[in-house]
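Trainee: This is the structure, below, for whatever I ask next.
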Amino acid sequence: MHMGECGNMARRGGGSMRRSRRRQGNEEIALQITSMADIFTILLVFLLKSYSVSAIDIDVGKDIKLPAANGGTESVEAMKVQVTETGITLEGAPVMTFEKFEPRKGEISGDGTMPELVKALKKEREKQRQIAAASVKTGVSPKDAVRNNFDAKLLVIADKKVPYKLLKHVLSSASEMDFTDFKLVVVTADN
Amino acid sequence: MSRSRGGSLDFELNLAPIIDCFTVLITFMLASASFLSISIFDAGFTPAEAQGDPTPPPITVTLDLKKNGSLQIVTHGKYESKNTFQNADEAAEALRQLKEKYPGFESVTITADQEVEYESIVKAMEKARKNNLSMVLGGF
């Protein structure tokens, strides 16, 4: 093969990624990157299509399988409580641990609430109040500012196998701390 | 892109920088993409003190999920009934008919047996939501 022809072939094949190796003196083998570019284009289009941009960061743990459903609304920013087979976390911090969705007897009070969870919610709620009070606008009393910024929303990120009994305990505890707007997090079904 | 100097036009697209860009972009997107689309189901709980609605709905409806998979719709108010359905589709159809008959009826209270899984509750809510009814979790 003539050197000029080899050079042309290499140039058609691509640029800096081309790896040429000399065989038996003058022969050059060029990597065809055109097909690679095709694959990359398809992959990029697919990724761009499936890429979802959301301002809300919902970190679903590995040990949690969310129920699938259609017709849900867009996620909102709110306090997050996670219920898994092994425990409950609030804003990522572990609150309670148990086995197979079964809290220990002492962990549930007579009114169906979970004192540990109520305590953790109270702490978070207090933080929320302090933030609200700190952002008091001119002419607004701290009490009104707290009331206006009071967020009754709670994102419930629960495993699909969670029994309603456990969910009721969690929601009862939340309602004890004035959380009344429960947002159940689900995975959008494909069909 | 280069052009030959001697008369004929010989275009050669230099794919190398494009491939470089694609590689970086694909790596970034693969690392950051979340392939699960997450959405929210509203399940407001109405506290006792907030229930002083001046115009009460014509009927109050409770959807009760049973351990055996059946669903029971209990209505109170202008229309008193208690019907059991074997699946969520049948229950959703019954809710649709109630909605047609009583346009003022707008929310369903969902209750369930202790052992009923969260997934079943979400499924029931999904079906009921198709009738433009809001859901309220009850039983606690």
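Trainee: Can we say B:F45 is at pLDDT below 90 and within 10 Å of chain A (Cβ to nearest Cβ)?
Mentor: On the way: at pLDDT below 90: yes; within 10 Å of chain A (Cβ to nearest Cβ): yes.
The answer is yes for B:F45.
Trainee: Out of B:T23, B:T27, I need the residue that is within 11 Å of another protein chain (Cβ to nearest Cβ), farther than 25 Å from A:S75 by Cβ, at pLDDT 85 or above and surrounded by fewer than 11 Cβ atoms within 10 Å (Cβ to Cβ). Which one?
Mentor: Values: B:T23 fails: surrounded by fewer than 11 Cβ atoms within 10 Å (Cβ to Cβ).
None of the other options fit; the residue is B:T27.
Trainee: Pairs only if they're at least six apart or on different chains, beta carbon under 7 angstrom, first in the range A:159-186 and farther than 21 Å from A:G71 by Cα, second among the basic types (K, R) and surrounded by fewer than 22 Cβ atoms within 10 Å (Cβ to Cβ); list them, first residue then second.
Mentor: Pairs found: A:M177/A:K122; A:M177/A:R125.
Trainee: Let me ask another. Residues being crowded, with 18+ Cβ neighbours inside 10 Å and without any contact (Cβ under 8 Å) to a residue 24 or more places away in the chain: count how many of those fall in the range A:69-88.
Mentor: 0
Trainee: Right, here's the next one. Is it true that some residue in the range A:46-59 is more than 10 Å from every other protein chain (Cβ to nearest Cβ), within 16 Å of B:D20 (Cα to Cα), modelled with pLDDT of 70 or more and assigned to a helix (DSSP H, G or I)?
Mentor: Looking through the range A:46-59, none of the residues is more than 10 Å from every other protein chain (Cβ to nearest Cβ), within 16 Å of B:D20 (Cα to Cα), modelled with pLDDT of 70 or more and assigned to a helix (DSSP H, G or I).
Trainee: Further question on the same structure: All but one of (1) surrounded by 15 or more Cβ atoms within 10 Å (Cβ to Cβ); (2) at pLDDT below 90; (3) outside any loop (DSSP other than H, G, I, E, B) hold for B:F105; which doesn't?
Mentor: Single failed check for B:F105: (3).
Trainee: Are any residues in the range B:9-23 in a loop (DSSP other than H, G, I, E, B) and closer than 18 Å to A:L43 by Cβ, and if so, which ones? Walk me through it before giving the result.
Mentor: The first filter runs over the range B:9-23 and keeps only residues in a loop (DSSP other than H, G, I, E, B), leaving B:9-11, B:13-15.
If the condition is that a residue be in a loop (DSSP other than H, G, I, E, B) and closer than 18 Å to A:L43 by Cβ, then B:L15 is the only one that fits.
Trainee: Turning to a different aspect of this structure: I'd like to check something: does the range A:153-162 contain any residue that is of a type in the set (D, E) and modelled with pLDDT of 80 or more? Break it down into steps so the answer makes sense when it comes.
Mentor: Here is the first cut: in the range A:153-162, the ones of a type in the set (D, E) are A:159.
Restricting the remaining residues to those that are modelled with pLDDT of 80 or more gives A:159.
So far as the range A:153-162 goes, yes, one or more of its residues are of a type in the set (D, E) and modelled with pLDDT of 80 or more.
Trainee: Taking the range B:7-20 as the search range and keeping residues that are more than 7 Å from every other protein chain (Cβ to nearest Cβ) and at pLDDT below 85, which one is farthest from A:P67 (Cα to Cα)? Step through it out loud before you land on a result.
Mentor: From the range B:7-20, those more than 7 Å from every other protein chain (Cβ to nearest Cβ) are B:7-11, B:13, B:17, B:20; that's our starting set.
Narrowing the set further to residues that are at pLDDT below 85 leaves B:7-11, B:13.
Numbers: B:G7: 66, B:S8: 64, B:L9: 60, B:D10: 58, B:F11: 54, B:L13: 49 Å.
Restricting to residues being more than 7 Å from every other protein chain (Cβ to nearest Cβ) and at pLDDT below 85, the top hit is B:G7.
The values are calculated or read from the model by the stated rules, or taken from the named source; none is laboratory data. What you are looking at is a predicted structure, and each value in this text was computed from that prediction instead of being measured. Note that each Cβ is placed from the backbone with ideal geometry, even for glycine, and that neighbours are counted across all protein chains shown.
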